[in-house]
Amino acid sequence: MKFKQNMLVAGTACALAAMSFVASAQTLRVADQGDALSMDPHSLNETLQLSVDGNMYEGLTGRNKDLSLAPALATSWKQVSPTVWRFDLRHGVQFHDGTPFTADDVLFSFQRAQADGSDMKSYTSDFKDVRKIDDYTVEIETKAPNPILPSIISTVYMMSKKWCEANNAVKPVDKRKGIENTASFKENGTGPYRLTERQPGVRTVMVRNDHYWGKIEGNAQKVVFTPIGNAATRVAALLSGQVDVMEPVPVQDIARVNASSDYKVLTGPELRTIFLGMDQSRDQLLYSNVKGKNPFKDIRVRKAFYEAIDINGIKSTVMHGLSRPTALMVGPGINGWTAEQDKRLPYDVEAAKKLMAEAGYPNGFEVTMNCPNDRYVNDSQICQAVAANLARINVKIDLQADPKAIYFPKVLRRDTSFYMLGWTPSTYDADNALNALMVCPDPKSGGAGQFNLGSYCNPKLDALEHQIQSETDQTKRQALIHQAFAIFADDIGSLPLHQQYLAWGVSKKVSLVQRADDIMDFKWITIKQ
């Protein structure tokens, strides 16, 4: 097995040097294993980016501490017909440059989220029209009844039409192509914090928005966010007092951090599901020694891969017990999940070998596996364990583990044969995962299947998803979700692994809210004097 590890140009020593200022009691220093790849809230649908940007930008709806739906830039909403939702906008809100927020910005933002280059299309794929009733009232008309629309749009953040036009940022840029515009490194939102410094891969600095429309419960006047890719350096930065909050704490270091007098680890199950995807579309894989055909089109091969993965071994040795093996693409806490369906295929190497032989690969084959090394908990270690598991059925994995700044643009343009991905349904409903990860990719639909990077396709599942989106009877809707999950599981549409656990290292002087979706709200963080 070849293991290719691409390192960031900036060393960890430089990252720590960037934090070597004298911190006041109201300066919050946050470290993460990776960086938000852009300040543009529509350019990448990835949790860390949505988390960082979400402190500066807001949607019409938002989330409370318990993840229940909350008013944000809309104060209320109602369904005025089966296909029309009306939103009453908040009065008196200003963007960070002082420009008033109005309905024109809402229409512009949703249009921008649907434009080429946007990574947020899947949230607006059901839109038929967005119209202005007056300066503080908008209506969203959908192609079919959509009972959970307010929940779906909570991470589609609003941007200033005037600012984007003045800064040549009317459309988002496609991170897959490595293009940037002004919105990539500057911001003008309505959120509780505003950007003052942006050095990609080094640090991002935000200060409190004194003109924020809402209440900021915390006392952080300044937030310094620093990516530290090396796990040991990240833990050292916490224990030496150079950062106040960091994530993730490596599972093997949790006990050591908890044993310290000044720091602790907050753990809890995350809503994110980690899975492996396979190119099931091309007639020949891009990165394999199999020529003239695609082994992943054969369900026997996909099932063999599934049964060869020792997920409990990964839980024990790689995750140190802090994971929950799963058979589904969503976990507990997501509407539509049931324990009855969440039963994995057995780990059975001999059965997997038999399936490979039946499929015509008794001696296995070679394939490149793409993984991030700074996005999920022990992501590259998980991929190494999977590679070792697959070697038992004679599959030789060429493992390519990259920083997410390289990894995501590559896999999002489908330049991959076998890959890892993690997904948290931001709507806390199964429809989000079905629409983004499991339906046939269809660029004409405005975002359906946008993150189904292996291009799995079953028209029966697509038909069920259309019904799920418009079904208002909850009992019938749950039954449709279960049918769709069953089809995907029977087809081995992907290889589900586990729901990872959150592990945030926190100074005992800091109080915060750990959301199960891994979003960190700075407005709820308090630093004790």
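Being over 23 Å from D517 (Cβ atoms) and either of a type in the set (S, T, Y) or not in a loop (DSSP other than H, G, I, E, B) (or both), is that true of even one residue in region 336-349? So far as region 336-349 goes, yes, one or more of its residues are over 23 Å from D517 (Cβ atoms) and either of a type in the set (S, T, Y) or not in a loop (DSSP other than H, G, I, E, B) (or both).
S43 - would you say it is touching a residue at least 12 places away in the same chain (Cβ under 8 Å), of a type in the set (G, A, S) and under 21 Å from T472 (Cα atoms)? So S43 fails the test. Look at region 351-364: where a residue is without any contact (Cβ under 8 Å) to a residue 12 or more places away in the chain and farther than 14 Å from K293 by Cα, no partner that is of a type in the set (S, T, N, Q) and open to solvent by less than 20 Å² (accessible area, probe 1.4 Å) sits 6+ places away or on another chain with Cβ atoms under 9 Å. None of D129, D97, D104, D116 is open to solvent by 50 Å² or more (accessible area, probe 1.4 Å), under 22 Å from E46 (Cβ atoms) and not aliphatic (A, V, I, L, M) except D116. N458 satisfies every condition listed in (1) surrounded by 21 or more Cβ atoms within 10 Å (Cβ to Cβ); (2) touching a helix residue (DSSP H, G or I) at 6+ places or on another chain (Cβ under 8 Å) except (1).
Within region 295-317, the residues that satisfy the criterion of being touching a strand residue (DSSP E or B) at 6+ places or on another chain (Cβ under 8 Å) and under 15 Å from G493 (Cα atoms) are P295, F296, R302, F305, Y306. Open to solvent by 10 Å² or more (accessible area, probe 1.4 Å), among the hydroxyl-bearing types (S, T, Y) and part of a loop (DSSP other than H, G, I, E, B) - does that describe any residue in region 406-419? Within region 406-419, not a single residue is open to solvent by 10 Å² or more (accessible area, probe 1.4 Å), among the hydroxyl-bearing types (S, T, Y) and part of a loop (DSSP other than H, G, I, E, B).
In summary, strands (runs of 3 or more DSSP E) completely within region 51-91 and bearing 1 or more residues that are more than 14 Å from D517 (Cβ to Cβ) and of a type in the set (A, V, I, L, M, F, W, C) occur at 74-81, 84-89. Of all the criteria given as (1) out of contact with any Pro (no Cβ under 7 Å at 6 or more places or on another chain); (2) farther than 30 Å from D348 by Cα; (3) open to solvent by less than 10 Å² (accessible area, probe 1.4 Å), the one not satisfied by Q474 is (3). Here V265 qualifies as of a type in the set (A, V, I, L, M, F, W, C) and under 30 Å from V510 (Cα atoms). Within region 484-502, does at least one residue satisfy the condition of being without any contact (Cβ under 8 Å) to a residue 12 or more places away in the chain and out of contact with any Pro (no Cβ under 8 Å at 6 or more places or on another chain)? Yes, region 484-502 contains a residue that is without any contact (Cβ under 8 Å) to a residue 12 or more places away in the chain and out of contact with any Pro (no Cβ under 8 Å at 6 or more places or on another chain). Restricting attention to region 365-400, the residues being modelled with pLDDT of 95 or more, crowded, with 22+ Cβ neighbours inside 10 Å, more than 17 Å from L497 (Cα to Cα) and not β-branched (V, I, T) number 1.
Residues considered: L512, L502, L480, L464. Of these, the only one that is of a type outside the set (F, W, Y), in contact with a strand residue (DSSP E or B) (Cβ under 6 Å, 6 or more places away or on another chain) and open to solvent by less than 40 Å² (accessible area, probe 1.4 Å) is L502.
The values are calculated or read from the model by the stated rules, or taken from the named source; none is laboratory data. Just so we're clear, the structure is a prediction, and the values are computed from it rather than from any experiment. Methodologically, a virtual Cβ is constructed for each residue, glycine included, from the backbone with ideal geometry; neighbour enumeration extends over all protein chains shown. In case anyone asks, the SASA skips ligands and DNA or RNA and just uses the protein heavy atoms, side chains included. Shrake-Rupley method; radii C 1.70, N 1.55, O 1.52, S 1.80 Å.
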